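Working notes for the structure below.
The values are calculated or read from the model by the stated rules, or taken from the named source; none is laboratory data. Note that the coordinates shown come from a computational prediction; the quantities given were computed from them, not determined experimentally. Neighbour counts run over all protein chains shown; Cβ positions are idealised from the backbone, glycine included. What goes into the accessible areas is simple: the full protein's heavy atoms, side chains included, and nothing from ligands, DNA or RNA. Shrake-Rupley method; radii C 1.70, N 1.55, O 1.52, S 1.80 Å.
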Amino acid sequence: MKIRILTIGKLKEKYLVNGINEYVKRLNAYCKVEMVEVPDEPIPDNASENVENIIKDKEADKIVAKIKDDEYVIVLDLHGKEIDSVAFSKHIEECMIRGKSTITFVIGGSLGLGKSLLQRANYRLCFSKMTFPHQLIRIFLLEQIFRAFKILSNEKYHH
């Protein structure tokens, strides 16, 4: 099983990079993890809604270009479905049972997700109705993927 995480923007904060590296190391016992950072588009000050939509679509197109046809794509989306950790682990298990060898998670840019990316998504997942920094959500996502594999392996993990 391969987990890909595609994100808009580069992570600069060392403490976050260290946290991400720790979860990637833990996940290596269960799957291969690939982190892919896609450059973000500059956002002009006081950008109109139309300009913001153009930026979202450009970022979405860059991400979609990095996704292969056979990948199962889960986008993190405020309008997606909220599920608990057990349901999340079952969703990953169902993907494996259906023969999906790669699950790709997408974290969009600060403006959200463009149309082509939403159309390509197989599943829209919402972590919370609260807004989190895109840099932090990477660690949240990796932690939940790690927790999912622990659940699937019937291994103890603090709740």
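List of remarks:
- Relative contact order (%) - criterion: Cα under 8 Å, at least six apart; region: the chain: 34 percent
- Charge tally around I107: other residues with Cβ under 12 Å, Lys/Arg +1 each, Asp/Glu -1 each, net -2.
- Phi angles of the stretch 150-155 translate, via the Karplus equation with coefficients 6.51, -1.76, 1.60 and θ = phi - 60°, into HN-Hα couplings of 5, 4, 5, 8, 6, 9 Hz per residue; Gly and Pro are given as x.
- Residues of type lysines that K56 reaches as a straight line, Cα spacing below 26 Å, ignoring anything fewer than 8 places off in the same chain: K10, K12, K66, K68, K81, K115, K129
- For the pair E13 and L152, the difference between a 0.36 nm per residue extended length and the Cα-Cα distance amounts to 46.9 nm.
- Rounded, prolate or oblate (a/c below 1.5 giving rounded, otherwise prolate when a/b exceeds b/c) for the stretch 1-48 by Cα gyration tensor: oblate
- Here is the list for the stretch 1-77: trypsin sites (Lys or Arg not before Pro) lying in DSSP coil, each with at most 15 other C-beta atoms within 10 angstrom of its C-beta, are K10, K12, K66, K68.
- For E34, the residues 5 or more places off, or on other chains, whose built amide H falls under 5 Å of its own are I3, R4, I5.
- Assigned charges on the beta-carbon of Lys, Arg, Asp, Glu; the stretch 107-159 dipole about Cα centre (debye): 140 debye
- Per-residue SASA entry for H134, accessible area with 1.4 Å probe, Å² rounded to 10: 60 Å²
- For the set V33, V17, solvent exposure ranked by accessible area (probe 1.4 Å, protein chains only) runs largest to smallest as V17, V33.
- Its relative contact order, with pairs defined as Cα atoms under 8 Å and 6+ residues apart, puts the stretch 38-103 at 35 percent.
- Translational diffusion of the chain, µm² s⁻¹ [Kirkwood Rh, Cα pairs; Stokes-Einstein; 10 °C; 1.306 mPa s]: 98 µm²/s
- DSSP-defined beta bridges in the chain - what % are antiparallel, rounded to 5: 5 percent
- These residues, E34, E143, go from largest to smallest accessible area, 1.4 Å probe, as E34, E143.
- Amide H to amide H, with H built 1.01 Å from N, V73 comes under 5 Å of T104, N122, Y123, counting only residues 5 or more places away or on other chains.
- Top of M130, M35, M96 by mean-square fluctuation, Gaussian network on the chain, Cα under 10 Å: M130
- Anchor K100: aspartates and glutamates whose Cα lies under 18 Å away (excluding residues fewer than 8 positions away in-chain): E34, D69, D70, E71
- The stretch 44-121: equivalent-ellipsoid semi-axes (sqrt of 5 x gyration tensor eigenvalues, Cα, Å): 28, 15, 7
- In the elastic network of the chain, a GNM with C-alpha springs shorter than 10 Å, the most mobile of I103, I20, I54 is I54.
- Among A87, I54, G108 - extreme Cα towards positive end, dipole of the chain, charges at beta-carbon: A87
- Expressed as a whole percent, the accessible area of the stretch 1-128 that falls on carbon and sulfur atoms is 49 (1.4 Å probe).
- J(HN,Hα) series, the stretch 5-18, from Karplus relation 6.51 cos²θ - 1.76 cosθ + 1.60, nearest Hz, glycine and proline x: 10, 9, 10, 8, x, 9, 8, 10, 6, 4, 5, 6, 4, 4
- Dipole size of the stretch 37-159 about its Cα centre, with +1 on Lys/Arg Cβ and -1 on Asp/Glu Cβ: approximately 460 debye, rounded to the nearest 20.
- Within the stretch 87-102, backbone nitrogen closer than 14 Å to the virtual label 7 Å beyond the Cα of V36 toward Cβ: 102
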